[in-house]
Amino acid sequence: MPCQLCTSTICATLPLAHFISFVILVRNSELHELRATARQLEDQFNKRHHYTYVIINNEPFTDEFKPPMEWATSGNCHFGLVPYEHWSMPFWVDCVRA
């Protein structure tokens, strides 16, 4: 039977967990708050499902950031960088009126 989303017979056989991720936009300075949130999410929900975390930032993650987040989560952690032009206000937007 093909997948309802992409009509592939391959992805129809994969568990739903392969398609679910927590996507988190965070700064390096917010490590402690994110760890507390992740622990709560793990305790209440994700310890049974092991969904992946995709954690993105506007600057490279520090070496102090990654290990504590990987230890705090039961799923895999992927760390990404959002380019400046995607993070900031576009040049054509009037910041005063926005």
Estimated FRET transfer efficiency when R0 is 25 angstrom, pair Asn28-Ser74 (beta carbons, to 0.05) = 0.65
Starting at the first residue of the stretch 73-79, write each ³J(HN,Hα) from the Karplus equation 6.51 cos²θ - 1.76 cosθ + 1.60 with θ = phi - 60°, in whole Hz, x for Gly and Pro.
-> 10, 8, x, 5, 10, 10, 10
Whole-number value, in Å³ per residue, for the convex hull of the alpha carbons of the stretch 21-98 is 108
Where labels lie 7 Å past Cα in the beta-carbon direction, separation of Val54 and Val96 in nm | 3.8
For Phe45, solvent-accessible area (1.4 Å; no DNA, RNA or ligand), Å² | 70
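The values are calculated or read from the model by the stated rules, or taken from the named source; none is laboratory data. Quantities reported herein were computed from a predicted structural model and do not represent experimental measurements. FYI the Cβ positions are ideal-geometry reconstructions off the backbone, even for glycines, and counts take in every protein chain you see. Just the protein is used for accessible areas: all its heavy atoms, side chains included, with ligands, DNA and RNA removed. Shrake-Rupley method; radii C 1.70, N 1.55, O 1.52, S 1.80 Å.
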